[in-house]
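One structure below.
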Amino acid sequence: MLVSEAGLHNIKFSFRAAIVRGLAHDRRCTYVEAVVHEKFEGVMFQAASRAMSEVFEPPFRAIFWKMLGFTLGVLVVIWIALQGVIAAFVALPYAWMDTAISVLTGIGAIFVLGFLIAPISALFAGLFQDEIADIVDKKDYPHDQPGRALPLSQSIVQTIKFTGVVILGNLFALVLLLVPGVNLVAFFIVNGYLLGREFFEFAAMRFLPAAEAKAFRKARGGTVFLGGLIIAGLLAVPILNLVTPIFATIFMLHLFKLLAAQRQNVARA
């Protein structure tokens, strides 16, 4: 039996409505919320894919090179300081012992400096975070009201928090390397929560008061946590984790914009 084009359209509409009603029942939300949610089903991966494609674009690449330059400068200073301390306080009777100590301390310093790369880069990236956000606003949302840069005191606190989160993440990664059998899930759960919370609240506070930004993050806690897991996955990859702060800032700005639009659609419906 042939079905007319209008009939086929009605069947598709009824089928789509049934799916949305199922979403509403499964998620314990209203039908309108489910319609909007169904449209934004891929919101997380849209935002992540978009952010990753932008990380190496010229404006962000310039910030990355500045961040990397500052980071390498600090690492060189730490290296020189370590070598100076060893030379000043370690005196051995034989030349071959001096050579052996120099080699061993050099290897140890490489591991220590390798661990410090991500936290130090996060520290400097935090100083450029508002600059990153301003670029995203101008480039991707030219018709929207731009976000407000955080006050200097709040920006410093936020930078310290970001650095602390990255240090914690790297400590977990180090434990996973040194202790076989430690569940990888712990690394992603802890860092997924911390990274998602910190970076999303930064994005939200550019547009909302601090209390409202935190409330919005809590209301969309599951989505923000999933976003944090994506950031934690990037953080776990050596070398690539250098771009984590830039990626996370861009990613969470896109995610906030999409979720804010979703909230407005629900409010208007």
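The values are calculated or read from the model by the stated rules, or taken from the named source; none is laboratory data. Keep in mind the model is a prediction, meaning the values are calculated, not measured. Heads up, the Cβs are rebuilt from the backbone with ideal geometry, glycines too, and the neighbour counts pull from every protein chain shown.
The table below gives the values:
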item	result
Segment 194-220 - residue that is free of Cβ contacts under 8 Å to residues at least 60 places away in the same chain and not in a helix (DSSP H, G or I) and, of those, nearest to residue 233 (Cα to Cα)	220
Candidates 226, 242, 208, 234, filtered to the one that is surrounded by fewer than 24 Cβ atoms within 10 Å (Cβ to Cβ) and more than 12 Å from the chain's Cα centre (by Cα)	208
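Conditions (1) assigned to a helix (DSSP H, G or I); (2) modelled with pLDDT of 70 or more, marked per residue:
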position	(1), (2)
41	no, no
44	yes, yes
49	yes, yes
63	yes, yes
73	yes, yes
102	yes, no
123	yes, yes
